[in-house]
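Below is one structure, written out as structure tokens; comments come after it.
Just so it is clear, none of the values below were taken in a lab; they were calculated from the coordinates. Computed from a prediction, not measured in an experiment: that's the story for all the values here. Quick reminder, even Gly has a Cβ in these numbers, built from the backbone with ideal geometry, and neighbours come from all protein chains shown.
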Amino acid sequence: MQLEVKHPDFQSQRLEVKCGSLFSGSKLKLNGTDLKKVKGIYTVRADNGKELSVQLKHNFFDPIPKVKIEGKIIELATPLTWFEYIWIGIPILLIFVGGAIGGVCGGLAATGSGRLFRSDRSAVSKYGLSALLTLGAALCYVILVTVIHFVLETT
């Protein structure tokens, strides 16, 4: 997913954010070219020739970052609501039941739920599919623990 950054210093150029996947972070692009970041900061030449510092600020389990240009925050999408964050974070509770294994299963499910809530699906399908991801994470946890227990018991 690529989102255009609306900023007055980039009228004749196209500044956009390519949202990351599960295993890669978001990237900043100028006129279709990936920009390099140094210590988390991109240096971008604006329309007037001035170099601006740009940062991508990530939120917890939200795949769409905020863009910070010279200290000013730009929202690329409507922020998730508090109850959406609560719903997305429910699988993280597996960490209290299952430690590291529960945390991995819950973290993957929460990341998937965050991506679901940023999709174009209806609200009912977002919540329903997110609930299925949570149940799937719990089932995955139980299967993993059972397999590990069985392997350790037989050796």
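Centre-to-centre, using Cα atoms only, segment 7-42 and segment 110-127 are separated by 24 Å.
Computed as a quarter of the hull surface, the mean projected area of the alpha carbon convex hull for segment 2-74 stands at 4.8 nm². Placing +1 on the Cβ of every Lys and Arg and -1 on the Cβ of every Asp and Glu, with nothing else charged, gives the chain a dipole about its Cα centre of roughly 440 debye. Residue pairs exceeding 23 angstrom between C-alpha atoms, taken from Lys6/Lys36; Lys72/Lys126; Lys29/Lys68; Lys37/Lys126; Lys18/Lys72; Lys39/Lys66: Lys72/Lys126; Lys37/Lys126. Which of the DSSP-defined H helices in the chain satisfy a minimum axial length of 27 Å, computed from C-alpha atoms, and a minimum mean Kyte-Doolittle hydropathy of -0.5? Answer set is 123-154. Overall shape of the chain was characterised from the C-alpha gyration tensor. The equivalent ellipsoid obtained from it has semi-axes of 38, 18, 12 Å, in decreasing order.
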